[in-house]
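> Here it is, the structure, as structure tokens.
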């Protein structure tokens, strides 16, 4: 009995140590996480300052570091030169059980292909985010994913597909608690239509009115 108890305690210690290694990121990464949404330039500064030290960290920490770097650069409109690094990140998270980071990796893979003007691969990556998130509650990542897809569809002249994607983006904001989500909803709804190269402005106007009536003025559930 004593040997079994010792064995179980040993397994528990190993498990806890593994969890700690997975969650306890270096301070630079934690700081970057905390300011990513509000100050991506500061996040990129923290990450860049840690570049010389990231090599000694675990593979999971290195991949997360690179994922955050992609995120910060995307928010700052810094375009990637290739897809090699983001593909490594996606491959890594495909082999883990961390679905949140896996979805985020696919989102930024889509963003990379968007910036490389490879719309088919971008749409495939964005769709993977939605497939992985099936059954998840509405969230900002899904709203941004649908919005990105809507923009890509619109640039290809696929206005019906763009309309549908932006409708789904708006549906992700079901419980706004401030003005910002409402404005994001308006932005997502209009993104698919406000293009100078749109050839059927009257139809576009009707679609805007219909979507506005359906979503902007519907009761909040």
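> Roughly what would the spin-label model give for residue 121 and residue 30, points 7 Å off Cα along C-beta, in nm?
3.7 nm
> Which order results if 69, 145 are arranged by neighbouring Cβ count within 10 Å, fewest first? Write down the numbers at each step before the final one.
Numbers: 69 23, 145 27.
Listed from fewest to most nearby Cβ atoms, that is 69, 145.
> With r defined as the distance between the Cβ atoms of residue 82 and residue 42 and R0 fixed at 35 Å, what FRET efficiency is calculated, to the nearest 0.05?
Numbers: r = 26 Å, r/R0 = 0.74.
That gives a FRET efficiency of 0.85.
> Still on this structure: With each pseudo-label sitting 7 Å past Cα toward Cβ, what's the residue 62-residue 97 distance in nm, one decimal?
Taking the two extended label points, one gets 2.4 nm.
> Next question, about the same structure. Could you put 136, 107 in order, starting from the residue whose Cβ has the fewest other Cβ atoms within 10 Å? Display every interim value, and only then the final one.
Working: 136 13, 107 25.
So the residues, fewest neighbours to most, are 136, 107.
> Let me ask something else about it. Please compute the contact order of the stretch 31-180 in relative form: average sequence separation of alpha-carbon pairs under 8 Å and at least six residues apart, divided by the residue count, as a percent.
14 percent
Read-outs throughout are calculated quantities, based only on the coordinates presented, and are distinct from any laboratory measurement. Keep in mind that this is a model prediction, so the values were computed, not measured. Cβ atoms come from the backbone with ideal geometry, glycine included; neighbour counts cover every protein chain shown.
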